[in-house]
Each structure stands twice: as structure tokens, then as C-alpha cells.
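Below: the structure, in C-alpha cells.
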Ligand code: 26Q
């Protein structure tokens with residue numbers, strides 16, 4: 001394996017590995033090797049792997065410093081990394097050596113990998129996308145760093161009460177020390193909040209007073225696959241600038257002094273568990289500013305070390321804004337350039353608008369970030385002045401192009417009128433950036449024609465483009481489905497590094513769809529992955545899942561637009577249908593096991609009620625002797641990256657059933673298809689592009705299309721039709737739920753009323769077509785050979801969705817950066 005020759009920093013033969021692990025047990029962990037448990041073995045193995053990463057990381061960073069290329073920075077409030085050890089071993093090409101070394105020490109590599117806690121610093125798709133992009137940035141050898149926050153608590157741990165209610169518990173993921181981070185206690189910046197701002201001239205100002213807190217850097221090494229390149233993810237922790245406020249301390253006010261230090265720590269204490277809503281919380285705004293200010297200070301310090309003038313910043317720095325969360329970086333860079341570097345407005349604005357790039361991840365109106373003007377004024381008084389100045393110049397320019405169009409000015413303003421006034425972060429991000437992109441073709445079209453339509457008319461359409469999301473095939477195939485990865489390698493007769501780095505090579509599998517022996521192996525692997533999942537459910541929940549059934553999976557954040565409700569109502573419909581059949585008729589049914597997993601935002605009442613319904617339907621139908629051979633249902637608690645790695649390879653069919661036009665892209669749809677699971681979905685987000693690649697005959701589409709949605713909603717409001725007329729099948733299902741078939745009667749009324757009343761997400765319009773699609777899935781699954789062919793064809797055509805393709809698109813079309821390989825030397 002020649003490609004590995006240059007990867008390794010330290011000796012990598014099996015005896016050296018065992019020696020290094022034992023050495024870490026005795027020194028770093030200060031323990032004895034003879035009474036070590038799995039957790040200790042995990043920690044020692046992780047520290048030993050870390051030694052390799054450190055060597056590569058150092059060489060990579062030194063190489064960047066020497067060559068001084070343009071660099072890109074990915075600013076994201078979320079990095080949903082999952083576990084690291086297995087990924088690091090595979091990326092370094094050391095899995096087999098460590099397997100042997102660990103075995104020699106009396107442990108199993110699978111058992112110790114399972115001891116690692118997930119780094120769950122994200123809510124869902126947006127955070128996992130950031131993690132995939134870091135993997136791809138290193139693997140394609142791009143000089144790309146991530147910047148985020150080192151939350152003390154990641155996404156909450158989800159518990160399900162006996163009644164079926166979601167309960168939240170904290171996720172203290174750092175409790176047993178984290179071997180993957182390097183504290184950089186010397187890399188610190190001061191960040192100011194509150195105080196007062198004064199204008200010194202038209203464009204300059206000064207900001208003083210208030211509270212200062214310290215940002216401390218922690219670095220996480222990001223190894224590339226099959227390369228020495230190892231990039232950096234820098235996460236900031238907040239600390240009080242002084243442990244004690246000496247003035248309060250001396251005044252005898254010990255409690256207040258300690259409280260001030262507590263408030264600094266609070267900034268990075270917890271990841272906000274909401275996706276898509278909840279703005280206006282002061283602490284969230286402080287998180288956003290703390291992180292953007294520290295990251296920019298760090299980026300500018302690094303740039304200045306080259307001794308170049310600031311006007312050259314856009315030639316050396318590109319900053320990608322992951323949604324609007326880091327938008328304060330725009331006024332913050334203006335503040336630095338105007339107030340600290342003494343540039344004039346035009347110079348500063350020209351630098352800013354050539355450095356930033358903005359990715360939008362949603363068009364749902366309620367999810368567009370807005371901050372109350374009085375809150376920004378209180379926390380960041382100088383930034384509010386700058387935002388008003390940006391707005392003034394901007395609206396003057398709009399007025400010149402569209403004289404007298406007051407409605408247009410009101411629509412485009414950075415400030416939304418109202419009580420209180422609010423700053424529209426998407427508008428600020430758009431006008432402050434060089435490029436704006438959506439995350440799938442349909443979504444980018446919707447960005448251009450709905451939320452940013454006026455901006456396209458004003459600035460021209462070339463600034464508004466698309467980069468379809470991607471996923472890393474290392475974690476989402478090689479790591480989570482090693483048997484399938486091996487079969488692909490064997491079949492393509494390629495080194496696995498070759499196809500994992502050029503995923504379009506998968507289409508070489510197409511010619512094997514007609515090979516019965518190959519199909520048999522393909523299907524057998526799916527079967528073993530189903531057994532692995534069943535085993536997980538048995539050991540964690542004590543439930544027995546039958547593995548001779550079709551596995552049907554929907555795993556994602558709970559949200560009305562994602563329509564888990566449509567799925568559970570479909571399950572109830574299937575149950576009622578089976579109940580109405582004779583035992584003879586039932587025998588013709590295609591047995592199904594339906595899995596759900598996902599978290600609801602803690603304050604999202606309807607989403608939590610949906611979980612409760614799923615859990616209680618599961619309780620009833622799994623216990624029903626009439627149906628339990630044909631239908632089983634599970635809600636798996638505490639969905640995570642690690643759980644996804646078990647669920648995805650086991651799926652026959654997965655559901656991506658958002659109301660058309662609402663799911664920006666989706667990325668788990670790509671993961672399922674890459675692993676040979678078929679897709680049941682609406683014509684939405686990346687589902688459309690998946691169908692374009694794999695062929696419409698290999699996906700199951702249903703439901704109304706995006707252009708119909710607006711009109712259907714209008715019909716609901718102004719020409720409502722009673723449910724029993726419009727959709728009798730759905731009506732019957734709701735009646736059974738109302739009547740208390742699964743729980744106390746009336747419990748679910750608020751959920752059912754969202755459907756009976758305005759049905760914003762169009763369940764009543766799509767239900768019949770959904771049930772028809774489920775029937776087509778059953779029919780297709782009955783022909784196992786044909787199903788396996790579809791499965792192979794699907795995997796074979798997923799090359800487009802590698803995050804390597806996506807990150808290279810950002811690098812070439814937006815950032816103008818190039819790969820900087822670390823040349824292998826022995
Ligand atoms: C904002 C302000 C205050 C509190 C929370 C938030 C917040 C946090 C997270 C808003 C949104 C998010 C996450 C959004 C998200 O995950 N979007 C998903 O992004 C994926 C990657 O592009 C897409 O595939 C999904 O379609 C999209 O829903």
C-alpha cells in the first residue's frame with residue numbers, strides 16, 4: 001500500500017503500536033496495563049493515534065506557513081463530528097495495524113471504539129454538513145480551517161418517559177477528558193460586550209466600557225483521507241478576563257464578583273438546541289459575537305504576520321458563513337477596518353464584500369434570523385451604528401436604480417419596521433458577501449425567486465448560485481458499512497483509496513447488476529447490517545426486532561415541515577388495514593419494521609406530541625398478536641451520528657417526505673442511497689438531484705410539487721373542504737387516534753388540529769398519494785432480485801454527492817484557493 005508510505009509520523013508496525021499504547025497507559029493515564037478496562041484502552045489507543053495526527057498536523061501547518069497560499073475559513077456555530085477514533089484510523093490507513101495491536105493487548109477494537117462519546121456540537125444537517133466539509137477539505141488537501149465554539153454541553157441527551165414524552169438531560173461530553181483537542185492557552189483574544197459607542201467622524205467610531213471576556217483556543221486535528229494533510233478546527237472557549245472583579249471583591253461583595261466570572265463562562269456553556277427558530281435570546285447573540293470576533297481577530301493576526309497591507313486581505317482570505325449565524329462578522333470586520341485600522345468606508349466595504357461568502361440553508365420564513373434592534377444596541381452599540389450606515393448606503397444605491405420605489409426599499413432594508421424594529425440577518429449577509437448560495441438546485445432557485453428576489457434584481461443573478469450539498473464517503477460508507485466497502489473494492493478491482501477519493505468510480509458497479517452471485521453478496525451484506533441493528537436494539541432497549549422484514553427508516557430532527565406525522569399516520573393506516581383483514585389475507589402482506597429516531601426542540605410542543613404518538617402507537621401495535629408478524633414500529637431514543645452509522649446501512653427504504661419546497665437539501669437521503677437503501681420521498685431538496693442521478697425508476701416519488709404549494713395553502717384558507725370529503729382515508733385514521741386507540745382520548749387533539757384546521761404542511765393533500773407510494777414500495781420489494789438491482793444501481797450512481805465534489809466547487813468557484821499537498825517524505 002504505497003499511498004500510506006508518507007502518511008505516518010511515528011513507527012507503525014504492530015509491536016510499535018502496542019508499545020505506544022502501553023506507554024500511554026502508564027504515563028498519560030498513570031494506570032497499570034494489567035487491570036485496564038475498555039475505557040482506559042480506548043483512551044490510550046486514542047492518545048497513541050493522536051501522536052500520529054500531531055506529526056501530520058504540524059507538517060501541514062508549517063507547509064502552509066512556508067507557502068503562504070490563500071486560505072479559506074468555514075465559520076459554523078455547529079460541528080456535529082460524532083466519534084473520531086475509527087475515522088482517524090481509517091483516514092491514516094492504520095485500522096488493521098491497530099486492530100492487531102489492540103488484540104495483542106487483550107481487547108477488541110470494536111469494543112473500545114464503542115467507548116468513545118460523540119462530539120455532538122450540532123443540531124442536525126447544518127452541523128453535520130460542516131463536519132463532512134472539514135473531512136473533505138483535508139482529504140482534497142485544501143488550506144481550509146474551521147472556526148466554532150467549544151460548548152461544554154453538546155446537543156441534549158434525549159430520554160423517553162414511560163408515557164412517551166421526550167425528556168432532556170445535559171450532555172457533558174467533556175467529562176472524561178477529550179484526547180482529540182489541543183488546548184492553546186496562549187492563543188487568546190479579548191472580546192467586548194455592552195459599553196458605549198461614539199462617532200468620531202462620518203465613518204469612524206470608538207467603543208469603550210462594558211464587559212470584556214477572554215476567548216481561549218482549542219484545536220482539533222482534522223486528518224485527510226490517504227494524505228498527510230491535516231487541517232485544523234479551532235474552537236473557542238469563553239473565560240472571565242480576570243477570575244475575580246477586584247473592585248467588587250474589595251467592597252466585600254464576594255458573590256457579585258464570582259457571578260461576573262460565571263457570566264463569562266456561560267457564553268460557551270451550551271449549544272442552543274433549536275433548529276429553525278427562536279431568536280431574541282441575549283446569550284445566543286453573545287455566542288455569535290464572541291465567536292465571530294475571536295475568529296476574525298485570529299484570522300487578521302495570521303494575515304498580518306505576512307506583513308501585507310489590509311487591502312490585500314481578499315487575496316489571502318476567504319470566509320464562508322454557514323447560514324446567517326456568523327453574520328456579525330460583517331459589521332465586526334467593518335469596525336476593525338474603520339476604527340482600528342483607519343481605512344475609509346469605501347476601502348473597508350470593498351475588502352468586506354470580497355472576503356465573505358454566505359450559504360443559506362432555509363427559505364422557511366419563520367426560520368430567517370432576525371434580531372431586535374434594542375438588543376443589538378445594548379450588547380453591541382458600535383455594531384448597530386455600522387449596520388445602520390451599511391443600510392443607508394445600500395438603500396441610497398437601491399433608490400438610484402429604482403427611483404421612488406418605496407415598497408422595494410422597505411422590502412430590502414436591513415431593518416424590518418415593527419415593535420421592536422429588527423435586523424434581517426439574511427439581508428446583511430447577502431449584501432456583505434461576494435457570493436450567496438443555496439444547498440440544492442431547487443433550494444437555490446427558491447432563494448433567487450423568493451426570499452432574495454429583490455437582491456437578484458438589484459445586484460444581478462451571477463452572485464446568487466448553487467452548491468449542492470455532499471457527504472463524506474469515508475464515514476458514510478467505508479466506516480459505517482465496512483463489508484459493503486470491501487465488496488465494492490473487490491468488485492471494482494481498485495485500491496479503495498481511489499474510489500473513495502473519486503466517488504464517480506462507483507458507476508463501475510453498474511455492469512454487475514446482472515451478476516447473480518454479486519447480487520447475492522450485496523443482499524447478504526444488507527441482511528447482516530439489519531442484524532447488527534437488531535442486535536443494537538436488543539442490547540440497548542431489550543426489544544426483539546425481526547430481521548426478515550423490510551426495514552423502513554425515518555431519522556431526522558422532528559419538525560412539522562419534515563412530516564413525521566404523515567409517516568406515523570401512514571403506519572396507523574397500515575395497522576387498521578391489517579386489522580380489517582382475515583388471517584389469510586394478512587399472509588400476503590409484506591412484513592415491515594418501521595424505525596423513527598430524532599430529537600425535538602425542547603420548547604416545540606407539536607413536535608414533542610408527535611414523538612409521544614409514535615411511542616404509543618408502537619406500544620399498541622407491537623403487542624397486537626393479529627399484526628405483529630407484519631408490522632413492527634420502534635422509536636429509537638437519543639438519535640446521534642453514531643446511531644445513524646448503525647441505522648443507515650440497515651435500511652431498505654428511507655423516508656424524506658417534507659412538503660415540497662421546504663427541505664433545503666437534506667443530506668441523510670444521500671447517505672441512505674450511498675448504502676444501497678432506496679428513497680421514498682417528495683419532489684424536494686436534493687431528492688430531485690438524487691433521482692436525476694439514479695433514475696426515476698429507482699426512487700419512489702409522491703406528492704404535490706413546489707409550484708402547487710402556495711395555491712393549495714390558499715385553498716385551505718379560503719375554500720376549506722371537510723376532511724371526510726377531501727380525504728376519507730386520513731379522516732378514518734384521525735378518528736381512531738381521537739377515540740383513544742393508542743393513548744388517553746384527546747391527548748393528541750392539538751396535533752390533529754394542525755391537520756384538521758389550516759394544514760399548513762399539506763398532509764391532507766398528499767396523504768392518498770403517500771399511501772399509494774407505500775403500496776408501490778411493497779410491490780417492488782416482493783421481487784427481491786429486482787429490488788437488489790435497484791439497490792446496486794442506486795449506490796452506483798451516487799458519485800455526485802461526495803462532499804469532495806462540493807468542497808472543490810466552493811474552492812474553485814468562490815474561494816479561489818488551491819490544494820497545498822504536504823509532500824510525503826519518509
Ligand atoms: C438560529 C438562531 C437561534 C437559534 C438557533 C438557530 C438555528 C440553529 C440551527 C437555526 C437553524 C439551524 C439548523 C438548520 C439546519 O440544519 N438546516 C439544514 O441544513 C442542511 C445542510 O444544508 C440541509 O440539508 C437541510 O435541508 C436544512 O434543513
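The values are calculated or read from the model by the stated rules, or taken from the named source; none is laboratory data. Note that the structure is a prediction, hence the values are computed from the model and not measured. Neighbour counts are summed over all protein chains in view; Cβ atoms, including those assigned to glycine, are modelled from backbone coordinates with ideal geometry.
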**Asked** Does segment 560-583 contain at least one residue that is part of a loop (DSSP other than H, G, I, E, B) and either within 16 Å of the ligand (Cβ to nearest atom) or under 30 Å from residue 363 (Cα atoms) (or both)?
**Response** yes
**Complete:** Within segment 443-482, residues surrounded by fewer than 24 Cβ atoms within 10 Å (Cβ to Cβ), in a helix (DSSP H, G or I) and within 16 Å of the ligand (Cβ to nearest atom) come out as 444, 445, 446
**Request:** For residues that are modelled with pLDDT of 75 or more, under 15 Å from residue 601 (Cβ atoms) and out of contact with any strand residue (DSSP E or B) (no Cβ under 9 Å at 6 or more places or on another chain), tally how many sit in segment 255-282.
**Result:** 5
**Fill in**
The condition of being in a loop (DSSP other than H, G, I, E, B), closer than 17 Å to residue 268 by Cβ and modelled with pLDDT of 95 or more holds, among 142, 174, only for 174
**Complete:** When restricted to 333, 321, the only residue closer than 25 Å to residue 216 by Cβ and within 16 Å of the ligand (Cβ to nearest atom) is 321
**Asked** Counting only residues that are buried (at least 24 other Cβ atoms within 10 Å of the Cβ) and within 30 Å of residue 813 (Cβ to Cβ), which one in segment 358-380 is farthest from the ligand (Cβ to nearest atom)?
**Response** 358
**Asked** Within segment 546-559, can you find the residues that are more than 16 Å from the ligand (Cβ to nearest atom) and under 29 Å from the mean Cα position of the chain (by Cα)?
**Response** 550, 551, 552, 553
**Message:** I'd like to check something: does segment 340-355 contain any residue that is without any contact (Cβ under 8 Å) to a residue 60 or more places away in the chain, away from the ligand (no atom under 16 Å from the Cβ), within 17 Å of residue 424 (Cα to Cα) and out of contact with any strand residue (DSSP E or B) (no Cβ under 9 Å at 6 or more places or on another chain)?
**Reply:** no
**Message:** Can you go through 794, 788 and tell me which one is in a helix (DSSP H, G or I) and closer than 26 Å to residue 132 by Cβ?
**Reply:** 794
**Item:** Residues located in segment 725-756, provided they are touching a residue at least 40 places away in the same chain (Cβ under 8 Å) and outside any helix (DSSP H, G or I)
**Value:** 727, 741, 742, 743, 747, 748
